[in-house]
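Read through the structure below, which is laid out as structure tokens, and then see the notes.
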Amino acid sequence: MSPLLPWLREPLERLLATQRGHAVLLSGPEGIGQFELALALAQAWLCESNGSLTPCGECASCRLVHAHTHPDLLVLLPEALRAGLGWETAEAGDSESRASKTKPSREIKVDALREAVAFAQQTSSRGRAKVVLVFPADRMNAIAANTLLKTLEEPPGQARFVLGTGAPQALLPTIRSRCQTVRLAPPQRPAAEAWLAQQGVADAAVLLAAAGQQPLTALELSRQGIDARLWQGLPQQVARGQGAAFSGWTPPLLLDTLQKLCHDALCVAVGAPTRYFDAAAFAGLHPSHERLTEWARELRETARHADHPWNAGLMTEALVTQARRALHSPR
Ligand SMILES: [Zn+2]
């Protein structure tokens, strides 16, 4: 079994000590282990060892959770996230969309919620609880969320729910009000950097900043071949209109990166500390504040359609051209 991420132990203990009711909503950045914490909470609810508050990791129930075969745990994830979260199941492996070669869905569909409602009403197989985990909960569309709502309002006796989201404001207020909301903050920098170093990430501090202090996101960046040198070089490359560094990047990663670059360029322009890049990466660039604000608006507009099936090459070219103009505007 993989051990719990070190910075999640304290929040898990606090959660178990203060938790009331049958539904918990974890909010905060997703890339700090929100799914892992939700899963650990579900595991604690189902754990059959009486000795410890946190899941023992050894009892039959904990083993079933790790094997993804616990009969009283239902995990709802968008298909597109399963592999990344290490939650590939036999069903997902030969799912319809795989067979038909369509893009894996980024939504949690209403059918999955119907299944969850029926599941919650069943008697617990092992006698502890019936646990439904939904992540990210904001990926339920309105119909799917409404399907869940009734069960959240009048939960069957043994049902428990844990939802996770990086965008709680995107949930139906009625869903939020049925849950105990627990906010999860990014870990302390030294703990996150030490963990990244253990995972073999060089320049952990730079990548952690690049990821907005979210260690799992930083690890993801590193696995995509992004290192400190490449990252810090991006502002100058973009200012020269060179998009080569972005080859092979997905449109969402590219957009997210340009939004961070734009954010930090604005910080530099007004003399504020940067957040994602070292300020030195912007040396010699003197874009106007107005032009950067305009660029930020253009990026937000593009991000709104981020699920659009872009031609990645054309999109990169257009975005880099836009970025070059913004960064090169005279002050
Ligand atoms: Zn256990």
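Within the stretch 50-91, take every residue that is near the ligand (Cβ under 9 Å from one of its atoms) and open to solvent by 40 Å² or more (accessible area, probe 1.4 Å) and give me the one that is farthest from ARG160 (Cα to Cα).
Among residues in the stretch 50-91 that are near the ligand (Cβ under 9 Å from one of its atoms) and open to solvent by 40 Å² or more (accessible area, probe 1.4 Å), the one farthest from ARG160 (Cα to Cα) is GLU58.
Being of a type in the set (Gly, Ala, Ser) and either more than 16 Å from the ligand (Cβ to nearest atom) or free of Cβ contacts under 8 Å to residues at least 40 places away in the same chain (or both) is the filter here, so list the residues in the stretch 19-49 that pass it.
Those that are of a type in the set (Gly, Ala, Ser) and either more than 16 Å from the ligand (Cβ to nearest atom) or free of Cβ contacts under 8 Å to residues at least 40 places away in the same chain (or both): GLY21, ALA23, SER27, GLY28, GLY31, GLY33, ALA38, ALA40, ALA44, SER49.
When only residues in the stretch 223-244 that are of a type in the set (S, T, N, Q) and outside any helix (DSSP H, G or I) count, which is surrounded by the most Cβ atoms within 10 Å (Cβ to Cβ)?
Within the stretch 223-244, the match that is surrounded by the most Cβ atoms within 10 Å (Cβ to Cβ) is GLN242.
Looking only at the stretch 257-282, which residues are at pLDDT 95 or above, open to solvent by 60 Å² or more (accessible area, probe 1.4 Å) and part of a helix (DSSP H, G or I)?
Listed by number, the residues that qualify are GLN259, HIS263, ALA280.
Helices (runs of 4 or more DSSP H) wholly in the stretch 128-222 with at least 2 residues that are surrounded by fewer than 16 Cβ atoms within 10 Å (Cβ to Cβ) - which ones?
It comes to 142-153, 173-177, 189-198.
Are any residues in the stretch 245-256 open to solvent by 40 Å² or more (accessible area, probe 1.4 Å) and under 19 Å from the mean Cα position of the chain (by Cα), and if so, which ones?
The answer is THR250, PRO252, ASP256.
Go through the stretch 193-215 and count every residue that is charged (D, E, K, R) and either assigned by TED's automatic domain parsing to the domain that holds TYR276 or in contact (Cβ under 8 Å) with a residue 60 or more places away in the chain (or both).
So the answer is 0.
The values are calculated or read from the model by the stated rules, or taken from the named source; none is laboratory data. Just so it is clear, the model here is predicted, and its values are computed rather than measured. For neighbour counting, all protein chains shown are included, and Cβ atoms are generated from backbone atoms with ideal geometry for every residue, glycine included. Side chains included, ligands, DNA and RNA excluded: accessible areas come from the protein's heavy atoms. Shrake-Rupley method; radii C 1.70, N 1.55, O 1.52, S 1.80 Å.
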